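*Asks:* Can you keep this structure in mind? I'll have questions shortly.
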Amino acid sequence: MNVTFRWYGRDNDTVTLEQIKQIPGVKGIVWALHQKPVGEVWEKDDIQEEADYIRSFGFHTDVVESVNVHESIKLGNNDRFKYIENYKQTIRNLAEAGVKVICYNFMPIFDWTRTDMFHPLEDGSTALFYEKAKVENLDPKELIRTVAEASDLTLPGWEPEKMARISELFEEYKAVDEEQLWTNLGIFLKEILPVAEECDVQMAIHPDDPPWSIFGLPRIITGPESYERLFAISDSPSNGITMCTGSMGANPDNDMVQIAEKYASHAPFSHIRNVKIYENGNFTETSHYTQDGSIDVKGVVEALHKQHYGGYVRPDHGRHIWGEQCRPGYGLYDRALGVMYLLGLWDGSETTGKGQLL
Ligand code: DNO
């Protein structure tokens, strides 16, 4: 496992690379050109400049999260091929700068969705929270307001340009059901995978978060059946997944240990975090610690270890602890604790695996 840490850039994050450098075991930074409007080509110079800066701290820049997919591609609009060509060029440019894995998702309009970014936990910290009934009865515009008010920084997947077109987008998505979305994903993948393969880049689709339909919009990367269908589209080695325990695992039917056992070889990249799921379908994010939530994080890391997992792993969202003011879910402290927990589980497995005494 190659431990990484997500960082939003010099002007866009409360955390610095100097700080990340002091977390033991972190080898690489998961990055992106967050200021680029979705659909535009990421130019070589911009990529190089950011990669050089990150590398100057001794980190690798192998993983980009995310190159977002333009809504026209997901909708299957006529202008999609222009955006697909741009996407291919971005893959080529990133590959030239040494990038090996590109994370993306295929969620209509909304990326990850929560109803409260600072939900109080019993220990006095706060964390991201999803209230199912609220989403079922909410006007999407209200949700956009909640997200916008949660941070002065633009949150990934919630770009203001897209949010401004929300009514129009909802109208357009009326014509897109799950089947149509699969078709549109297939067309996208058939176009880009040969380029990715040629460039030795692995594409890693992120599951829908949460893994069910919201606001009547289709969502298709929701569980193991989705993976079977994804791999049936193409058996290219570039057709990979981002295994995300907290996203896919928010549906208790998805057994993340089994998923890690079965799909780790298709996952060049993994996000590991915990969520506590309530009977009514609500969930709150928690610390990474297995006992704090509903996901068997220990089992997942052990499953990865058993397979000698060499993929990139990052701790995912953390709580907001010790008074830290940060991007929702992306503070320094709790994610750093997450790294230490994941490394502890990994090293613990090593010792047990080899039957050594300390
Ligand atoms: C939120 C993240 C998502 C994720 C994208 C992947 O914090 O988990 O924004 O990066 O969905 O494409």
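The values are calculated or read from the model by the stated rules, or taken from the named source; none is laboratory data. Only a predicted model underlies this, so the values are computations on that prediction, with no experimental measurement involved. We place every Cβ from the backbone using ideal geometry, glycine too, and count neighbours over all the protein chains shown. What goes into the accessible areas is simple: the full protein's heavy atoms, side chains included, and nothing from ligands, DNA or RNA. Shrake-Rupley method; radii C 1.70, N 1.55, O 1.52, S 1.80 Å.
*Asks:* In Å², what does the accessible area per residue of the chain work out to with a 1.4 Å probe?
*Replies:* 42
*Asks:* Any chance you could check the Cα centroid distance between region 235-262 and region 149-199 for me, in angstrom?
*Replies:* Rounded to whole Å, the Cα centres lie 20 Å apart.
*Asks:* So what is the 222 nm mean residue ellipticity for the chain from helices alone, if each DSSP H run of at least 4 adds -39500 (n - 2.57) and you divide by all residues, rounding to the nearest 500 deg cm²/dmol?
*Replies:* Helix-only estimate at 222 nm: -12000 deg cm²/dmol.
*Asks:* Report, as a whole number in µm² per second, the diffusion coefficient that Stokes-Einstein gives for the chain at 20 °C and 1.002 mPa s using the Kirkwood radius over alpha carbon pairs.
*Replies:* After rounding, the answer is 104 µm²/s.
*Asks:* Still on this structure, please answer the following. Cα convex hull of region 134-267: mean projected area in nm², to one decimal?
*Replies:* If you wrap the Cα atoms of region 134-267 in a convex hull and average its projections, you get 9.5 nm².
*Asks:* Related question: Give me the percent of accessible area attributable to carbon and sulfur for region 2-348, probe 1.4 angstrom.
*Replies:* That fraction is 47 percent.
*Asks:* Assign one of three labels to region 206-358, namely rounded, prolate or oblate, based on the Cα gyration tensor with a ≥ b ≥ c the square roots of its eigenvalues; rounded applies when a/c is under 1.5, prolate when it is not and a/b is larger than b/c, and oblate otherwise.
*Replies:* Oblate.
*Asks:* If you don't mind, there's one more thing I want to ask. Kyte-Doolittle cut-off 0.0, length cut-off 18 Å along the helix's own axis using Cα: show which whole DSSP H helices in the chain pass.
*Replies:* 178-199
*Asks:* Which order, highest average first, do 313-319, 112-118 follow once you tally other Cβ atoms within 10 Å for each residue and take the mean per peptide?
*Replies:* 313-319, 112-118
*Asks:* If the cut-off is a Cα-Cα distance under 24 Å, which lysines reach Lys306, setting aside same-chain residues fewer than 8 apart in sequence?
*Replies:* Result set, ordered by chain and number: Lys27, Lys100, Lys262, Lys298, Lys354.
*Asks:* Step by step: find N for region 1-139, compute 2.2 N^0.38 Å, then divide the Cα radius of gyration by it. What's the final number?
*Replies:* For region 1-139, the normalised Cα radius of gyration comes out at 1.23.
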